[in-house]
Amino acid sequence: MWRDGRLEPLRVEARPAPVNYGCLPGTLNPADDAEVDAVWLGEPLAVGTVREGAPAALLHLHDGDHKVIFSVGPVQGAALHGLLAWFPPERGATVQDAHAAQAWLDELAAARPG
């Protein structure tokens, strides 16, 4: 979670994330009452690294705790496979395109009070 200008872990996972994992400050996902989760498919980044870019895809989950995927190249390959395998089958992880990611972010922004 993003609190007081810094990143704080929301929870500890049983296995480390197979990709760079963070959040989009200033957003809110009502599925877990935390910032929207973001993953970076690319070279490993140091903790606290800030990246900007357009969404490349959406990792859609049955429970609504979707993840926005960012990447410099096509959303495919070993990093994507590792990300999908990280989620248990009952969460129903599927990948949707960049338009779906942006539409979901727009929907969240429109629903947010203020």
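Test ALA14 against the criterion of being assigned to a loop (DSSP other than H, G, I, E, B), at pLDDT 90 or above and surrounded by fewer than 12 Cβ atoms within 10 Å (Cβ to Cβ), and give yes or no. Against the criterion (assigned to a loop (DSSP other than H, G, I, E, B), at pLDDT 90 or above and surrounded by fewer than 12 Cβ atoms within 10 Å (Cβ to Cβ)), ALA14 does not qualify. For ALA110, are the conditions met, namely being assigned to a helix (DSSP H, G or I), under 15 Å from the mean Cα position of the chain (by Cα) and not charged (D, E, K, R)? When the stated conditions are applied, ALA110 does not pass them.
Counting just the residues of the stretch 34-52 that are within 23 Å of GLN96 (Cβ to Cβ) and of a type outside the set (A, V, I, L, M, F, W, C), which one comes out modelled with the highest pLDDT? So the residue we want is ASP37. Of the residues making up the stretch 37-83, those that are over 17 Å from THR94 (Cβ atoms) and among the β-branched types (Val, Ile, Thr) number 4. Residue pairs whose Cβ atoms lie under 8 Å apart, sitting 6 or more positions apart in sequence or on different chains, and linking a residue in the stretch 40-60 that is part of a loop (DSSP other than H, G, I, E, B) to a partner that is of a type in the set (Asp, Glu), do not occur here.
Scanning the stretch 61-102 for residues that are surrounded by 13 or more Cβ atoms within 10 Å (Cβ to Cβ) and assigned to a loop (DSSP other than H, G, I, E, B), which turns out modelled with the lowest pLDDT? Step by step, filter the stretch 61-102, then rank; the result is VAL75.
Within the stretch 18-56, being in contact with a Lys or Arg (Cβ under 9 Å, 6 or more places away or on another chain) and buried (at least 19 other Cβ atoms within 10 Å of the Cβ) holds for ASN20, GLY22, VAL36, ASP37, ALA38, VAL39, TRP40.
The values are calculated or read from the model by the stated rules, or taken from the named source; none is laboratory data. Quick caveat, the model's predicted, so the values are computed rather than measured. Note: ideal-geometry Cβ built from the backbone for every residue, glycine included; neighbour counts use all protein chains shown.
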